[in-house]
């Protein structure tokens, strides 16, 4: 990085709920942040809409820093929907000119970027539990593998959807009673379960993403001892641990100790039950609950791309709270 050339570092984390961007000076001081909406090229209204959200978050962060794309020495974007080779080609080709960057950005799947936040060498296995759950791995040679919400769906939306399904089963007498029923009625303002079912299933009713609101409720009730909620959480943990192991195998890391870095919006909840269920399925791993938000992994990867040693303490100290941490103080 030339002292008289572009010097800023940019990290972006884009998913199905939000897209966040951070801009840092070479000394690690965060000088700009930005936020926008869904940027998954598979789940957005269109590819154009997804790219627009990435641009919005990034340009807001650069504007807050009093800078422009031309001032960026390196940018790393960890994006949901960066799944297949053609996705990476599209994202690199479209985002460099839109963001007016001097060089192509590093594009990572959103399962891979958080590994760098949990390890100084960027090696390990990652489970990210946001709107959906994803897993990925990166070995010492830099080889990566990641899973999206296939073959099994995990994350806040499936947690919430399965909780609501348990409410319907309990109401119909095809499943056990559960404290999730009372919690769901209070959360959505319904006076009885069939009216709530109507609101979720009628034409023009509640959208699919309304089920996301039940995810923290499931964790609450699992911790409180509800057996139905516990089974839902434990099942999600077993799926995610199996996917973490699959990713480790695909890059030749299975059968020996490795770091397992767990992050994402669902991890904001104080419960450890889901984390414990994931860790139980991967006993050979050192399980780390990431205290940094995933965008930090993207930003640190941008520092690596630029050949600049990041001052992690300064980055953490100057990052806005809403972008820097996924865990309550």
Worksheet item: What helices (runs of 4 or more DSSP H), lying completely within the stretch 200-282, carry at least 2 residues that are crowded, with 22+ Cβ neighbours inside 10 Å and out of contact with any helix residue (DSSP H, G or I) (no Cβ under 6 Å at 6 or more places or on another chain)?
Response: 227-250
Item to complete: Among the candidates 281, 297, single out the residue that is at pLDDT 95 or above and either more than 27 Å from residue 248 (Cα to Cα) or in contact with a strand residue (DSSP E or B) (Cβ under 7 Å, 6 or more places away or on another chain) (or both).
Response: 297
Worksheet item: So how many residues does the stretch 1-50 have that are part of a loop (DSSP other than H, G, I, E, B) and over 14 Å from the mean Cα position of the chain (by Cα)?
Response: 18
Worksheet item: So residue 53 fits all but one of (1) modelled with pLDDT of 95 or more; (2) crowded, with 24+ Cβ neighbours inside 10 Å; (3) within 18 Å of the chain's Cα centre (by Cα); (4) assigned by TED's automatic domain parsing to the domain that holds residue 296; what number is the exception?
Response: (2)
Worksheet item: Being under 30 Å from the mean Cα position of the chain (by Cα), free of Cβ contacts under 8 Å to residues at least 12 places away in the same chain, under 26 Å from residue 16 (Cα atoms) and outside any helix (DSSP H, G or I), is that true of even one residue in the stretch 170-191?
Response: yes
Worksheet item: Does residue 149 fit the bill of being without any contact (Cβ under 8 Å) to a residue 60 or more places away in the chain and part of a helix (DSSP H, G or I)?
Response: no
Discussion item. Being over 21 Å from residue 320 (Cβ atoms) and surrounded by fewer than 17 Cβ atoms within 10 Å (Cβ to Cβ) is the filter here; which residues of the stretch 56-95 pass it?
Written reply: 70, 84, 85, 86, 88, 89, 92, 93
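Please tell me if residue 132 is out of contact with any helix residue (DSSP H, G or I) (no Cβ under 7 Å at 6 or more places or on another chain) and either at pLDDT 95 or above or closer than 30 Å to residue 251 by Cβ (or both).
On the way: out of contact with any helix residue (DSSP H, G or I) (no Cβ under 7 Å at 6 or more places or on another chain): no; either at pLDDT 95 or above or closer than 30 Å to residue 251 by Cβ (or both): yes.
Taking the combined requirement at face value, the residue does not satisfy it.
Name the one entry in 111, 137 that is assigned to a loop (DSSP other than H, G, I, E, B), touching a strand residue (DSSP E or B) at 6+ places or on another chain (Cβ under 6 Å), at pLDDT 95 or above and within 30 Å of residue 232 (Cα to Cα).
Of the residues listed, the single one that is assigned to a loop (DSSP other than H, G, I, E, B), touching a strand residue (DSSP E or B) at 6+ places or on another chain (Cβ under 6 Å), at pLDDT 95 or above and within 30 Å of residue 232 (Cα to Cα) is 111.
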Worksheet item: Looking at the stretch 283-312, which of the residues that are in a loop (DSSP other than H, G, I, E, B) and within 20 Å of the chain's Cα centre (by Cα) is surrounded by the most Cβ atoms within 10 Å (Cβ to Cβ)?
Response: 293
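The values are calculated or read from the model by the stated rules, or taken from the named source; none is laboratory data. Treat the numbers as computed from the prediction; the structure is a model and nothing was measured. No Cβ is skipped: glycine too gets one built from the backbone with ideal geometry, and neighbour counts run over all protein chains shown.
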